[in-house]
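Since every read-out is calculated from the coordinates, none of them should be taken as a lab result. Note that the structure is a prediction, hence the values are computed from the model and not measured. Counting neighbours? That spans all protein chains shown, and the Cβs are built from the backbone with ideal geometry, glycine included.
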Ligand code: 13P
Ligand code: SF4
């Protein structure tokens, strides 16, 4: 081991010795040192989403956080290259905010079921059906969908963004469950329209009191958690505190003790004292919370994984910097319109 690898290994071991076997830490320390050298040579910044696996999360990122946090960091960087250890819509957001910089996504398979659930054409059809109604798009969308939107939101500011519009009715896309959770929190009535031509439901005198127009996109990870899962875990661990991401169904968030963005869940565990916690989200984040809170017992349901986030590895991150891949591009005409929606969100906070 070189002194740099030894130092990296010691630092990983200090944080992860109860979570990751030693043999893996030694192997990953070597790759992390390679990445840090490439990062310096290319004047790059590495942003790591909270779902990154523990060795990656705790070694190479300059910043870790949730989608909103990382958008802010991307907006502030003065580096030449941004490596996004997350999924494509996150890397695209970084490119929207930094058109002159090189943005790299270490895997070309890091999609997202929510981003794939809606197209720009779908949004145009909704706007035609509900003229003048403002469109809020979750950041888990691609740039062309953001370009059709008035403002973006993340799970940590969705309610604040909807309320900031002071609009009677809002189109909220594309996550059905996040929309239902926002509707519950804001007391709004939600509908999921069919896009058949003709007058809007209000024009036909139907559904007179709706205030939120949703879309039936789902996160393929969070939709799998059920109330039964929570009940079963509570039967085994009666004093467990359950945390659920707002991409889970409203029944699941209602049965949980707390619901919030990935950062909010991390903060909740750090700031509270319970004998056991269960986090209903990508399992790697449970590992990362466990590593940061060695005195707390973290339960996780690792049968549910995000296949997209899991394509981002230390090896792929090294190769991204080495071979300059996979370069994220956004056509300028789309970027300019998407920028307005993302920037408006960042300003709200
Ligand atoms: P956060 O914004 O809470 O980090 O969530 C992003 C995501 O993709 C959750 O599945
Ligand atoms: Fe998309 Fe769900 Fe994976 Fe998050 S966890 S990136 S919302 S598929």
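Report Rg/Rh for segment 286-349, rounded to two decimals, where Rg is the Cα radius of gyration and Rh the Kirkwood radius. Don't jump to the answer; show the numbers that get you there.
On the way: Rg = 18.3 Å, Rh = 16.1 Å.
My calculation puts Rg/Rh at 1.14.
Which value, to two decimals, describes the C-alpha radius of gyration of segment 53-187 once divided by 2.2 N^0.38 Å?
Values: Rg = 15.8 Å, N = 135, 2.2 N^0.38 = 14.2 Å.
That ratio works out to 1.11.
Would you mind ranking 210, 51, 27 by Cβ crowding within 10 Å, fewest neighbours first?
On the way: 210 19, 51 24, 27 14.
Going from least to most buried by this count: 27, 210, 51.
Counting C-alpha atoms alone, how compact is segment 215-349: give Rg to one decimal and Dmax as a whole number, in angstrom.
Radius of gyration, then largest Cα-Cα span, for segment 215-349: 18.1, 55 Å.
Can you compute log10 of I(q)/I(0) for segment 4-71 with the Debye formula, treating each Cα as one identical point scatterer, at q = 0.17, 0.23 Å⁻¹?
The computed values of log10 I(q)/I(0) come out as -0.61, -0.99.
What do you get when you divide the Cα radius of gyration of segment 206-247 by 2.2 N^0.38 Å, with N the number of residues? Mind dumping the intermediate values first?
Details: Rg = 15.6 Å, N = 42, 2.2 N^0.38 = 9.1 Å.
Working it through for segment 206-247, the quotient is 1.72.
Can you put 212, 299 in order, fewest other beta carbons within 10 Å first? If you can, show how the numbers build up before the last one.
On the way: 212 20, 299 17.
Ascending Cβ contact count within 10 Å gives the list 299, 212.
Can you tell me the orientation of helix 88-97 relative to the chain, as the angle in degrees between its alpha-carbon axis and the longest Cα principal axis, to the nearest 10?
Taking Cα atoms only, the helix is inclined about 80 degrees.
Consider just the alpha-carbon atoms of the chain and return their Rg together with their Dmax, both in angstrom.
Over the chain's Cα set, Rg and Dmax evaluate to 20.8, 73 Å.
Work out the FRET efficiency for residue 347 and residue 2 from their Cβ-Cβ distance, taking R0 = 56 Å, and round it to the nearest 0.05. Working shown, then result.
Numbers: r = 46 Å, r/R0 = 0.81.
The formula returns an efficiency of 0.80 here.
I'd like the distance between the alpha-carbon centres of segment 14-65 and segment 147-185, rounded to an integer number of Å.
For segment 14-65 versus segment 147-185, the Cα centre distance is 34 Å.
Angle check, please: helix 120-129 long axis (alpha carbons) against the longest principal axis of the chain (alpha carbons), in degrees 0 to 90, nearest 10.
Computed tilt is about 30 degrees.
In degrees, nearest 10, range 0 to 90: what is the angle between the Cα axis of helix 262-271 and the longest Cα principal axis of the chain?
60 degrees
Pick out which of 236, 211, 76 has the largest mean-square fluctuation in a Gaussian network model of the chain, springs linking Cα atoms closer than 10 Å.
236
Nearest 500 deg cm²/dmol is fine: what mean residue ellipticity at 222 nm does the chain get from its DSSP H runs of n ≥ 4 alone, each adding -39,500 (n - 2.57), divided by its residue count? Mind dumping the intermediate values first?
Numbers: 15 runs with 154 residues, N = 349.
Result for the chain, helices only: -13000 deg cm²/dmol.
What FRET efficiency do you get for residue 254 and residue 166 if R0 is 25 Å and r is their Cβ-Cβ distance, rounded to the nearest 0.05? Write out the running numbers ahead of the final one.
On the way: r = 27 Å, r/R0 = 1.09.
Efficiency for this residue pair is about 0.40.
For each of 253, 100, 2, count neighbouring Cβ atoms within 10 Å of the residue's Cβ, then give the residues from fewest to most. Could the numbers behind the result be given before it?
Details: 253 26, 100 5, 2 9.
Placing the least packed residue first, the sequence is 100, 2, 253.
From the gyration tensor of the Cα coordinates in segment 256-303, what semi-axes in whole Å does the equivalent ellipsoid have, largest first, with each one equal to sqrt(5λ)?
Details: eigenvalues 38, 33, 21 Å².
Ellipsoid half-lengths, sorted descending, are 14, 13, 10 Å.
Taking segment 135-279 as the region of interest, what is the percent of Cα-Cα pairs per 5 angstrom bin, listed from the shortest bin to the one with the maximum distance?
2, 9, 17, 19, 18, 14, 9, 6, 3, 2, 1, 0
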